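S.K.: Before I ask anything, here is the structure I am working with.
The values are calculated or read from the model by the stated rules, or taken from the named source; none is laboratory data. Computed from a predicted model, the values in this text were never measured in an experiment. Cβ sites come from the backbone with ideal geometry, for glycine too, and all protein chains shown count toward neighbours. Side chains are part of the model used for accessible areas, which takes the heavy atoms of the whole protein and leaves out ligands, DNA and RNA. Shrake-Rupley method; radii C 1.70, N 1.55, O 1.52, S 1.80 Å.
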Amino acid sequence: MAKNTHRFCFGPWNISEGQDPYGPTTRPAQTFDWKLDQLKARGYDAMMFHDDDAIPDIDGKSWAVISKEAKALKKRLDDAGIAAEMVAPRLWFSPMTVDGAYTSNDPKCRRYAIDRSLRSIDIAKELGTDILVLWLAREGTYLRESKDGRKSVELLVQALDKMLAHDKKIRIAIEPKPNEPMDHAYIPTIGHAIALAHLTRDPKRVGALIESAHCILAGLDPADEIDFAMAFGKLWSLHLNDQNGLKFDQDKPFGSSNLRVAFNQVRAMERNGYGKNGEYICFDVHPFRTTKVDHWLAHLDNSRKTFLRLLEKVRSFDETKSKQLIADRDYQELDQMVIQHLLG
Ligand code: GLO
Ligand code: MG
């Protein structure tokens with residue numbers, strides 16, 4: 001196994017219970033404490049948090065209560081030797097975000113979304129992380145005529161500006177996804193996220209989080225997205241997983257569908273030194289619905305195992321020979337060399 005110099009994390013939602021739009025859960029719900037114990041026992045370094053993973057029923061609580069609970073959680077994490085990688089406002093559950101959050105057509109709902117985001121920033125501070133992740137789940141349209149795309153971009157910038165002004169240290173990592181739950185999302189790719197950053201009051205503090213499955217859903221190669229974001233110094237987090245083509249978001253174990261695409265992601269990460277500034281590798285993966293309770297954490301173990309095996313493959317790839325083949329424009333042999341290397 002390659003030397004593990006990387007730091008890994010996952011979120012409580014990655015120990016999910018198996019419900020889908022067509023059927024109920026297939027595993028019983030587990031407590032947060034149990035999940036934290038599992039994370040620690042498996043040698044993970046950090047946990048990702050939605051704001052209401054950290055503070056359940058957050059909407060009904062005052063800041064005094066929230067800050068007390070956040071401090072208690074921080075202590076629990078410190079005692080366990082586990083960091084909080086990020087906090088993300090869950091802006092897709094509330095009745096206030098039915099028609100979107102920052103881009104809702106209703107100003108009261110937009111206000112709610114911003115207030116909740118500012119609160120998430122305060123929670124992030126309490127938990128000792130400077131990263132706020134924004135998966136812009138409902139910022140888009142079911143119906144093209146229902147929103148004005150240009151106005152929506154302006155609303156997104158206004159919301160980001162309020163967050164940046166609220167805390168001078170916070171960094172915002174936008175997690176693009178082209179669809180689901182929306183028909184079309186406003187920020188579908190890393191290019192969109194980085195372009196949006198440049199309209200804000202402090203572009204240096206707005207970056208990106210790449211999720212493999214989301215890139216595939218956009219018809220893009222996740223390795224190219226990693227290279228693109230890192231060319232801008234903007235890849236601050238990474239959700240590795242896999243996706244079999246253009247269908248519902250699958251969040252499969254890393255490498256499960258396409259080992260070569262996974263290999264190229266690890267190669268892009270290595271080439272660009274992902275992790276050298278303390279970035280974590282997060283697995284945003286879910287167990288298959290069929291998974292029994294006894295095997296509940298296997299998708300997380302397996303994703304990390306696959307990552308580390310692919311890291312060995314990246315490090316043992318014959319770069320000299322590959323350069324010669326490239327110079328000779330012998331891409332047929334380069335293709336075969338990659339296949340043989342992955343098979344070997
Ligand atoms: C869904 C997203 C989701 C986010 C998480 C953090 O498609 O990948 O899992 O990563 O909610 O904001
Ligand atoms: Mg994700």
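S.K.: Give the separation of the Cα centroids, segment 106-147 to segment 42-93, in Å.
M.R.: What the calculation gives is 16 Å, centre to centre.
S.K.: Also, I was wondering about something else. So, with a 1.4 angstrom probe, what is the percent of accessible area on the chain that is carbon and sulfur?
M.R.: 53 percent
S.K.: Per residue, how much accessible area does segment 206-344 have with a 1.4 Å probe, in Å²?
M.R.: In whole numbers, segment 206-344 has 46 Å² accessible per residue.
S.K.: Show the residues, 5+ positions off or on another chain, whose built amide H is closer than 5 Å to the amide H of residue 18.
M.R.: 26
S.K.: Which residues' amide hydrogens lie under 5 Å from the amide hydrogen of residue 50, considering only partners 5 or more residues apart or on another chain, with H built in the peptide plane?
M.R.: When sequence neighbours closer than 5 places are left aside, the close amide H contacts are 88.
S.K.: Give me the angle, in degrees from 0 to 90, between the Cα long axis of helix 298-315 and the longest principal axis of the Cα atoms of the chain, rounded to the nearest 10.
M.R.: Result, in degrees: 50.
S.K.: Multiply the residue separation of residue 276 and residue 40 by 0.36 nm, subtract the distance between their alpha-carbon atoms, and state the gained length in nm to one decimal.
M.R.: This chain segment gains 82.7 nm when fully extended.
S.K.: Would you mind getting me the FRET efficiency between residue 328 and residue 65? Use the beta-carbon distance for r and R0 = 56 Å, nearest 0.05.
M.R.: Computed FRET efficiency for residue 328 and residue 65 comes out at 0.25.
S.K.: For the chain, with only Lys/Arg (+1) and Asp/Glu (-1) charged at the beta-carbon, what is the dipole magnitude about the Cα centre, in debye rounded to 20?
M.R.: The dipole of the chain has a size of about 700 debye.
S.K.: Leaving out ligands, DNA and RNA but keeping every protein chain, what accessible area does residue 267 have, in Å² rounded to the nearest 10, with a 1.4 Å probe?
M.R.: Approximately 50 Å² for this residue.
S.K.: Starting from the exponent 0.38 and prefactor 2.2 Å, build the expected Rg for the chain from its residue count and divide its actual Cα Rg by it.
M.R.: Output field value: 1.00.
S.K.: Looking at the chain, what % of its DSSP beta bridges pair antiparallel, to the nearest 5?
M.R.: Percent antiparallel among DSSP bridges in the chain is about 15.
S.K.: For the chain, modelled as a Gaussian network with Cα springs under 10 Å, which listed residue fluctuates most, 109, 282, 215?
M.R.: Highest fluctuation among the options: 109.
S.K.: Could you derive backbone 3J(HN,Hα) for segment 254-271 from the dihedral phi with the Karplus parameters 6.51, -1.76 and 1.60 (θ = phi - 60°), listing whole Hz in sequence and x where the residue is Gly or Pro?
M.R.: 4, x, 5, 9, 9, 4, 5, 5, 5, 4, 5, 5, 5, 5, 5, 5, 5, 4
S.K.: Okay, next question. Please tell me which of these pairs span more than 23 angstrom C-alpha to C-alpha: 162/204; 74/162; 162/276; 108/177; 151/234; 276/323?
M.R.: Those over the limit are 74/162; 162/276; 108/177; 151/234; 276/323.
S.K.: Going by amide H atoms built from the backbone, whose H comes under 5 Å of the H on residue 206, apart from near neighbours?
M.R.: HN-HN under 5 Å from residue 206: 172.
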